[in-house]
């Protein structure tokens, strides 16, 4: 069976999809901090890059055509991007919760300091209030 040449449009589309897959995988590595996103990149590159496709299936018998390959690759890339997006959202939520805890701890510390200051200077504060009430003119 002879191998028909793939149209230039599909070759360009496959290369563009490969670039998008590489970008998503690299951003996934930076987002998650792990190397797991690159594992999905290996089979994607084998499907998308025409020279690798030719080595995998020299007579173009078993691999799906370019439209099916492109569709499959895009589904995998969007799946991978959604996983990284959910990881980023989870990380942001954890950071926000930690900041909220720190804020609450600071508020409680200020309240405790004010209560300690009041307990320490209670007599002086009450004397000042009493003096103000005694010398304050009333309108009645």
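Only the coordinates and a few stated rules stand behind these numbers; no lab work does. It should be emphasised that the depicted structure is a prediction, and the values quoted were computed from it without experimental measurement. Ideal geometry is used to build each Cβ from the backbone, glycine not excepted, and the neighbour counts take in all protein chains shown.
Taking every alpha-carbon pair under 8 Å whose residues sit at least 6 apart, the chain reaches a relative contact order of 24 percent. Under 1.5 on a/c is rounded, so check that first for the chain, then, if it is not, pick prolate when a/b is larger than b/c and oblate when it is not; a ≥ b ≥ c are the square roots of the alpha carbon gyration tensor eigenvalues. It is prolate, given that a/c is not under 1.5 and a/b is the larger ratio. Can you give the angle from 0 to 90° between the axis of helix 8-32 and the longest principal axis of the chain, with both taken from C-alpha atoms, to the nearest 10? Rounded to the nearest ten degrees, it is 30. Protection proxy ranking of 98-106, 85-93, by the mean of other Cβ atoms within 10 Å over each peptide's residues and highest first, is 85-93, 98-106. Report summary: the helix-based calculation at 222 nm, which adds -39500 (n - 2.57) for every DSSP H run with n ≥ 4 and divides by the residues of the chain, gives -28500 deg cm²/dmol.
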